[in-house]
Amino acid sequence: MSGAGSTQAAERRLSRLVTVLAFALPVIFVLVPLAIFLVYSFFSVDQGTIVHAPTLGNYVRFFTDPIFLPVFWNTIVLCVSVAVICILLAYPAAYFLT
């Protein structure tokens, strides 16, 4: 009888491990690179080397240099277009699958 209890306990541990991995892996592979990207956005580049002194210079340049505004709007249009197309394709597909 103790073998069955031991098997159930092992299955619960395995289930918990899978659940933890299901939550931890997206955090590791999505949120950590985003956090690194955010941190590096405060550093500047001088003659090809990264200067590790935090500054808002990149953000000031982004909002004041006119070359970035069209790129920003093109990115916004692309993101919204992709989201709308995905919804228009996925909603009927999900409806017909149920």
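Every number here is computed from the coordinates shown, using simple stated rules; none is lab data. Please read these numbers as outputs of a predicted model, since none were measured by experiment. Backbone-built Cβ (ideal geometry, glycine too); neighbour counts: all protein chains shown.
Test Ile85 against the stated conditions and say whether it is surrounded by 10 or more Cβ atoms within 10 Å (Cβ to Cβ), β-branched (Val, Ile, Thr) and out of contact with any Gly (no Cβ under 9 Å at 6 or more places or on another chain).
yes
Might you check whether a residue that is touching a residue at least 12 places away in the same chain (Cβ under 8 Å) and among the small types (Gly, Ala, Ser) occurs anywhere in the stretch 29-43?
yes
For the stretch 1-52, name all the residues that are among the aliphatic types (A, V, I, L, M) and in contact with a Phe, Trp or Tyr (Cβ under 9 Å, 6 or more places away or on another chain).
Listed by number, the residues that qualify are Ile50, Val51.
Using the structure shown, decide if Phe96 is farther than 30 Å from Phe42 by Cβ and either in a helix (DSSP H, G or I) or not hydroxyl-bearing (Ser, Thr, Tyr) (or both).
yes
Consider Pro66 against the criteria (1) surrounded by 10 or more Cβ atoms within 10 Å (Cβ to Cβ); (2) in a loop (DSSP other than H, G, I, E, B): it satisfies all of them except one. Which criterion is unmet?
Single failed check for Pro66: (1).
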